[in-house]
1. Looking at (1) at negative phi; (2) modelled with pLDDT under 85, which is the one condition that is false for Ser56?
2. Residue by residue through segment 197-240, note down the ones that are of a type in the set (Asp, Glu) and over 30 Å from Ala87 (Cα atoms).
3. Among the candidates Leu7, Leu47, single out the residue that is out of contact with any Pro (no Cβ under 7 Å at 6 or more places or on another chain), assigned to a helix (DSSP H, G or I), at pLDDT 80 or above and open to solvent by 100 Å² or more (accessible area, probe 1.4 Å).
4. Which of the residues that make up segment 189-205 are touching a residue at least 12 places away in the same chain (Cβ under 8 Å), surrounded by fewer than 20 Cβ atoms within 10 Å (Cβ to Cβ) and in contact with a helix residue (DSSP H, G or I) (Cβ under 9 Å, 6 or more places away or on another chain)?
5. Give me the pairs, please: first residue somewhere in segment 227-240 and closer than 11 Å to Phe88 by Cα and aromatic (Phe, Trp, Tyr), second residue anywhere and at pLDDT below 80 and part of a helix (DSSP H, G or I), beta-carbon distance under 7 Å, and either six or more positions apart or on two chains.
6. Looking at the structure I just gave you, is Ser62 more than 26 Å from Ile179 (Cβ to Cβ), within 29 Å of the chain's Cα centre (by Cα) and modelled with pLDDT of 75 or more?
7. Starting from segment 172-184, take each residue that is within 16 Å of Ala82 (Cα to Cα) and list its partners that are among the aliphatic types (A, V, I, L, M), counting only C-beta distances under 6 angstrom and pairs at least six apart or across chains.
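The values are calculated or read from the model by the stated rules, or taken from the named source; none is laboratory data. Source: prediction; values computed, not measured. When we count neighbours, we look across all protein chains shown, and the Cβ atoms used for this are built from the backbone with ideal geometry, even at glycine. These accessible areas exclude ligands, DNA and RNA; they are computed on the full protein's heavy atoms, side chains included. Shrake-Rupley method; radii C 1.70, N 1.55, O 1.52, S 1.80 Å.
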Amino acid sequence: MSRALALFKKSYKVGLVLSLAIFMLFIFYEIHNVESNGKRYLSDHYLSTGVQETGSINIVTSVLYDYRAFDTLGETTVLLTAATILAFMVPIRKAAMPSASFTIFVDKTVKWMIPYLAVLGAYLIFFGHLSPGGGFVGGVVLATIPILLTITFGVEVSEYAINPAYKKLIEDIGVIGFIFLGLLGMWTGSHFLANGQAYFGLGNPGELVSAGIIPFLNVLIGIKVGAGLVIIFNSLVKEK
């Protein structure tokens, strides 16, 4: 009886895997048909009129902060929620991260890298509507600065030099500012997170001051992502 039951369980697992494989092949086949039948009208619209409608020559950024900016707000909310939950898990009393002793080469190299990382992160944020980059990746680069300091010099450098409450405040400013800019579109008579549709000045595509509210959204997302990742990292590396 037990042998028959084991055989049934094995056959059930094999059948489940085969069914899933067939289902995925069907999905891929249908996706291929959609592309082959020329139904990519939405992506074609982005590529053909994205610059004129948003003022951003980086089409990826125009999609993230204009066409589907509401979805981007949802993604940042997920990160905000994760950082908030982990912030509650930070030990009340001071805790030290296990650290290793590094040579002077590591010490000097990290200090030498910090200014370059700061410039790179700022460039990715401020020029995100003109070239590959944006608030998300720029915020990640800026977050590596306190993370590197924590790994090299201990958690006290990044955690206790800047109060965790200030980091949370910076993250909150990023989210609230993003929502406030979204409400401006409604104030002008358009819709939430409207850009060119709300008649914000798009400027001349290719110039730094262009693309309406997209550069400002990049800045807010950058500081929000940077602060959120640092909060998450410092919460995870602590121990009682």
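1. In the conditions (1) at negative phi; (2) modelled with pLDDT under 85, Ser56 misses (2) alone.
2. Keep residues of segment 197-240 that are of a type in the set (Asp, Glu), which gives 207, 239.
The one that is of a type in the set (Asp, Glu) and over 30 Å from Ala87 (Cα atoms): Glu207.
3. Numbers: Leu7 fails: at pLDDT 80 or above.
Only one candidate qualifies: Leu47.
4. Phe192, Gln197, Ala198, Leu202, Pro205
5. Between residues of segment 227-240 that are closer than 11 Å to Phe88 by Cα and aromatic (Phe, Trp, Tyr) and residues that are at pLDDT below 80 and part of a helix (DSSP H, G or I), there is no close pair.
6. Values: more than 26 Å from Ile179 (Cβ to Cβ): no; within 29 Å of the chain's Cα centre (by Cα): yes; modelled with pLDDT of 75 or more: yes.
The answer is no for Ser62.
7. Hits for this filter: Gly174/Leu220; Gly174/Ile223; Val175/Leu80.
Table: residues versus (1) of a type outside the set (Val, Ile, Thr); (2) part of a helix (DSSP H, G or I); (3) farther than 18 Å from Asn234 by Cα.
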{"site": "Ala122", "(1), (2), (3)": "yes, yes, yes"}
{"site": "Ser131", "(1), (2), (3)": "yes, no, yes"}
{"site": "Gly139", "(1), (2), (3)": "yes, yes, no"}
{"site": "Pro146", "(1), (2), (3)": "yes, yes, no"}
{"site": "Leu149", "(1), (2), (3)": "yes, yes, no"}
{"site": "Leu169", "(1), (2), (3)": "yes, yes, no"}
{"site": "Phe192", "(1), (2), (3)": "yes, no, yes"}
